[in-house]
1. Between 0 and 90 degrees, rounded to the nearest ten: what's the tilt of helix 311-334 against the longest Cα principal axis of the chain?
2. Rounded to the nearest 10 Å², what accessible area does Ile70 show when all protein chains are kept and the probe is 1.4 Å?
3. Can you list the aspartates and glutamates whose alpha carbon sits under 19 Å from that of Lys179, skipping same-chain ones fewer than 8 residues off?
4. Per Stokes-Einstein, at 25 °C and 0.890 mPa s, what whole-number D in µm² s⁻¹ belongs to the stretch 41-90, with the Kirkwood radius over Cα pairs as the hydrodynamic radius?
5. Exactly which GluC sites (Glu not before Pro) in the stretch 333-428 are in a DSSP loop and have at most 12 other Cβ atoms within 10 Å?
6. Taking all protein chains as present, what is the carbon and sulfur share of the accessible area of the chain, in % to the nearest whole number, probe 1.4 Å?
7. In what sequence, largest accessible area first, do Lys401, Lys260, Lys29 appear using a 1.4 Å probe?
8. Of the listed peptides 280-288, 305-313, what is their order by residue-averaged count of other C-beta atoms within 10 Å, with the highest listed first?
Amino acid sequence: MSSGSRLNRGILGTARFYIARLQERLWLKPLISCVLSLLAAFVAGLADYFISADSLPDISADSIETLLTIISASMLVISVFAVGAMLSAYASASNSATPRSFPLVVGDDVSQNALATFIGAFIFSVVALAALLNGFYQQSGRFVLFLITIVVFALVIVSFVRWVDRIARLGQMGNTISKLETATDSALELLARHATMGAARATAAGQEGTAVYPECAGYIQNINVKQLQEFAEHIDSRILVCALPGSFATPGSPLAFIEKRNIPEKVHAPDIVAEAFVIDDRRTFESDPRFGLIALSQIASRALSPSVNDPGTAIDILGTMVRLFVRWAQARAKNDDHTIEFDRVAMRAIEVDELFDDAFNAIARDGASLVEVVIRLQEALHSLTLLGNHEMSEAAIAHSKLALSYAQRALTLPHELEAVQSVTPRSD
């Protein structure tokens with residue numbers, strides 16, 4: 001693999017992680033909108049120096065002042081209302097589904113764009129109105145300002161209509177499940193293309209060399225494999241990563257091992273390697289497909305609790321799980337070349353059994369007493385045995401046996417247990 005390909009892979013992976021973090025920040029788009037609003041008010045004033053007033057109609061300052069006053073008076077109120085409605089939707093999504101879905105709901109593009117438009121329109125109207133009343137604009141500037149004001153007004157109307165349609169669905173269970181499915185699907189697709197993040201697949205050999213420990217406890221959110229590759233080349237060694245994204249790291253558990261033992265102390269090798277691991281207090285979805293499956297499974301478990309008693313949601317989640325694993329199996333079939341981009345870094349790949357544990361174990365346990373849920377679970381696992389993937393078939397059969405064991409303990413009617421056994425997949 002060429003150094004250029006490694007560079008592109010490393011940059012894209014790092015950029016993808018940090019862009020996702022920025023999308024979770026509600027202040028980013030409003031800040032950009034405010035800057036653009038200030039520029040728009042300033043650009044209108046420049047029109048007086050570059051556009052001849054003879055070819056343009058003379059727009060009265062009073063008409064523009066009226067429009068700007070209406071916008072400035074209403075946009076601040078609408079912005080406050082929008083923030084309140086968004087917070088209610090976020091709380092509803094966290095309470096009805098799972099708190100783990102909060103970053104995805106906050107990152108909703110339509111809601112963020114609408115809020116940015118409302119705040120930007122308010123800033124623009126205030127700045128433009130102040131400039132207009134102080135004689136900053138002449139005839140050409142007033143005409144350009146009038147056009148910009150009309151465009152801003154149209155953007156506000158369109159954004160408001162789109163936002164009202166979105167906010168009505170934002171906190172609903174179906175919307176939250178859909179966002180989780182999309183995020184998990186993206187992570188699984190990335191896993192299918194780069195099962196070891198472009199590194200070599202680790203062997204079953206023991207962990208030897210210089211151990212690297214984190215300074216704090218937390219979840220591993222991302223690993224900069226490109227940085228590890230460059231450092232391994234610099235010291236002419238290899239690095240074995242033993243903690244994957246999503247793992248909980250503690251100062252007593254090694255993140256990685258540097259194969260070379262006799263490294264000069266002035267190099268500070270453990271510190272450099274540890275810097276490649278992003279550790280924080282929560283998990284993220286981008287590089288951690290197991291987290292998405294866990295969040296979906298938690299929604300199903302909450303729906304199966306006696307206080308909620310909503311088996312239909314659990315059945316919907318099972319359908320979502322099947323779709324995710326089907327698309328993952330198809331993506332794996334298309335990306336079976338296992339190209340090694342970072343040959344001096346090795347890590348293990350996530351096993352199919354681990355993904356199935358995250359997806360189905362909690363549903364099998366919490367839904368064991370509901371025959372309709374158990375039957376749907378067995379049918380879902382049976383459908384995954386038919387995809388032609390040996391690893392997935394074995395994992396599906398093993399989890400089917402586990403679900404049947406739970407059902408045998410929880411179901412009391414013989415005919416219900418017979419119905420479950422009739423759809424249970426069997427190994428050949």
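The values are calculated or read from the model by the stated rules, or taken from the named source; none is laboratory data. These numbers were taken from a predicted model, which means no experiment stands behind them. Cβ sites come from the backbone with ideal geometry, for glycine too, and all protein chains shown count toward neighbours. Quick note on the areas: whole protein, heavy atoms, side chains included, nothing else; ligands and nucleic acids left out. Shrake-Rupley method; radii C 1.70, N 1.55, O 1.52, S 1.80 Å.
1. 80 degrees
2. 90 Å²
3. Those aspartates and glutamates meeting the cut-off are Glu24, Asp108, Asp109, Asp165, Glu189, Glu286, Asp288, Asp316, Asp358.
4. Once the numbers are plugged in, D ends up at 176 µm²/s.
5. Of the GluC sites (Glu not before Pro), the ones in loops of the stretch 333-428 whose Cβ has at most 12 other Cβ atoms within 10 Å are Glu351.
6. Answer for the chain: carbon and sulfur cover 58 percent of the accessible area.
7. Lys401, Lys260, Lys29
8. 280-288, 305-313
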